[in-house]
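> My structure is below; once you've seen it, I'll send some questions.
The values are calculated or read from the model by the stated rules, or taken from the named source; none is laboratory data. From a predicted model like this one, the values you see are computed outputs, not experimental measurements. Positions of Cβ are generated from backbone atoms using ideal geometry, with glycine treated the same way; all protein chains shown enter the neighbour counts.
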Amino acid sequence: MKEANYKNILVEQDGPIGIVTLNRPKVLNALSHELMDELVTALEAFDQDDSIRVMIITGSERAFAAGADIGEMSDETTISIMLKDRFATWDKVRRVKKPIIAAVSGYALGGGCELVMTCDIIVASESAQFGQPEINIGVIPGAGGTQRLTRIVGKHKAMEMILTGRPITAQEAYHYGLVVKVVPVELYLEEAKNLAQEIAKKSPVALKLAKEAVLKTYDASISEGLEFERKNFYMLFSSEDQKEGMKAFLEKRQPTFSGR
Ligand code: CAA
């Protein structure tokens, strides 16, 4: 898929930051199969591009995304939805190696909330709301919500959100550690870009291994995770960036990271 062919997203580069804006305003950025295919294509292209260090996914002020596209799903049967296995595409977002920041305003519901939780850091506007309302339409979260939300907010809050379908505000999301910062609506994208710029200055190879190690928490026991983290730490000592970073510190100057 060529960039020019994207119908549901906008893609731009701002220095070392690759930005994808979800763009189906008429349906509050409902995450259709086509949109998810485009999103994954754009993120994978950024992942391959050495001039990009950090990515941002954002939506509009009114909606980050109001969930998977209900219109597309309503007539599915167990067998048809299983055979298509469209949610497998979502796993590819999880496999992106560079850091992804979600800049969220308005609705982040259902698959929208799940997509946000697949990102690495979440910045929210004061109007953002996060929720898993699938219970209201007779289903449950299907793109990681039961697993990721529970790990982030704890069992009891996750149960309340998933069983009632009620969303939480940006401030509550901050309280539960889902978002790292809540800012006025006009600033959420700028705030995400500032954070991205800060991260972009770090060694790309260390960022990759750090992200990989943090994510290991999700699919490993603590002992496996600790072992993995240590291995990645040791591995960095064969990078030029480790030599440069430590030398620069001792020489009291800013490091220049090459990503090698
Ligand atoms: N899929 C398809 N269309 C959607 C949609 C979705 N998830 N969410 C909103 N839309 C559409 C509406 O149908 C409406 O279209 P029309 O103008 O053609 O009628 C348009 O977007 C605007 O929406 P509303 O008029 O409903 O706007 P509102 O401000 O009154 O309400 C809302 C906003 C509370 C977000 C409401 O739209 C809503 O409840 N949406 C559905 C949320 C939801 O249930 N998400 C979970 C989806 S299932 C899922 O995500 C499964 C999974 O785990 C991956």
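> What are the residues in segment 85-114 that are touching a residue at least 12 places away in the same chain (Cβ under 8 Å), within 15 Å of the ligand (Cβ to nearest atom) and either in a helix (DSSP H, G or I) or of a type in the set (Lys, Arg) (or both), if any?
Initially, segment 85-114 is screened for residues touching a residue at least 12 places away in the same chain (Cβ under 8 Å), giving 86-87, 89-90, 92-94, 96-114.
Filter once more, so that each one left must be within 15 Å of the ligand (Cβ to nearest atom): 86-87, 89-90, 92-94, 104-114.
86, 89, 90, 92, 93, 94, 111, 112, 113, 114 - these are the residues of segment 85-114 that are touching a residue at least 12 places away in the same chain (Cβ under 8 Å), within 15 Å of the ligand (Cβ to nearest atom) and either in a helix (DSSP H, G or I) or of a type in the set (Lys, Arg) (or both).
> Within the set of pairs 6+ apart or on separate chains, which have a first residue in segment 123-135 that is over 17 Å from residue 145 (Cα atoms), a second that is within 12 Å of the ligand (Cβ to nearest atom), and C-beta atoms under 6 Å apart?
Close Cβ pairs (under 6 Å, with a partner that is within 12 Å of the ligand (Cβ to nearest atom)) amount to 127/106.
> For segment 119-147, how many residues are modelled with pLDDT of 95 or more and away from the ligand (no atom under 11 Å from the Cβ)?
Total satisfying the criteria: 11.
> Something else about it: For residues that are surrounded by fewer than 17 Cβ atoms within 10 Å (Cβ to Cβ) and part of a loop (DSSP other than H, G, I, E, B), scanning just segment 201-237, find the one that is farthest from the chain's Cα centre (by Cα).
Taking the candidates together, the pick is 221.
> Restricting attention to segment 238-260, and to residues there that are outside any helix (DSSP H, G or I) and within 30 Å of the chain's Cα centre (by Cα), which single residue is farthest from residue 47 (Cα to Cα)?
First, the residues of segment 238-260 that are outside any helix (DSSP H, G or I): 239, 251-260.
Of the ones still in play, those that are also within 30 Å of the chain's Cα centre (by Cα) are 239, 254-260.
On the way: 239: 19, 254: 25, 255: 23, 256: 21, 257: 18, 258: 16, 259: 13, 260: 16 Å.
In this case the residue turns out to be 254.
> All but one of (1) in contact with a Ser or Thr (Cβ under 9 Å, 6 or more places away or on another chain); (2) surrounded by fewer than 16 Cβ atoms within 10 Å (Cβ to Cβ); (3) not charged (D, E, K, R) hold for residue 51; state the number of the condition that does not hold.
Condition not satisfied by residue 51: (1).
> With the structure loaded, tell me whether residue 150 is touching a helix residue (DSSP H, G or I) at 6+ places or on another chain (Cβ under 7 Å), among the polar types (S, T, N, Q), in a helix (DSSP H, G or I) and more than 12 Å from the ligand (Cβ to nearest atom) or whether it fails that test.
Yes.
> I've got another one for you. In contact with a strand residue (DSSP E or B) (Cβ under 6 Å, 6 or more places away or on another chain), in a helix (DSSP H, G or I), modelled with pLDDT of 95 or more and at negative phi, is that true of residue 196?
yes
> Filter segment 178-193 down to the residues that are part of a helix (DSSP H, G or I) and not aliphatic (A, V, I, L, M) and list them by number.
Passing the criteria: 186, 188, 190, 191, 193.
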